[in-house]
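The values are calculated or read from the model by the stated rules, or taken from the named source; none is laboratory data. Fair warning: this is a prediction, and the values are worked out from it, not measured in the lab. In this analysis, Cβ positions are derived from the backbone assuming ideal geometry, glycine residues included, and neighbour counts consider all displayed protein chains. Heads up: the accessible areas ignore ligands, DNA and RNA and are worked out on the full protein's heavy atoms, side chains in. Shrake-Rupley method; radii C 1.70, N 1.55, O 1.52, S 1.80 Å.
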Amino acid sequence: MTFSLQLSDDVIQVRDWVHEFATDVNFHDLRRDQRDSAAGDLAGTDRIAHPIAAAR
């Protein structure tokens, strides 16, 4: 049995897309947090219903 650390072109394309998507989501999440902070203490409470946001 052989083992290779080289990724296929398809896997590289998916990896790059996932990284780009995560960067975009992270950017928009940061911008929302900045808007919420500027809006006051109660801003952002609507995110509690979101399971990923609630885990923060």
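Side notes on the structure shown:
- Charge sum, other residues only, whose C-beta stays under 15 Å from LEU7's C-beta, Lys/Arg counted +1 and Asp/Glu -1: -2
- Order of exposure, largest accessible area first, which applies to PHE27, PHE3 with probe 1.4 Å: PHE3, PHE27
- Given their separation in residues at 0.36 nm each and the Cα-Cα distance between them, GLN6 and ASP36 gain 6.5 nm when the chain is fully extended.
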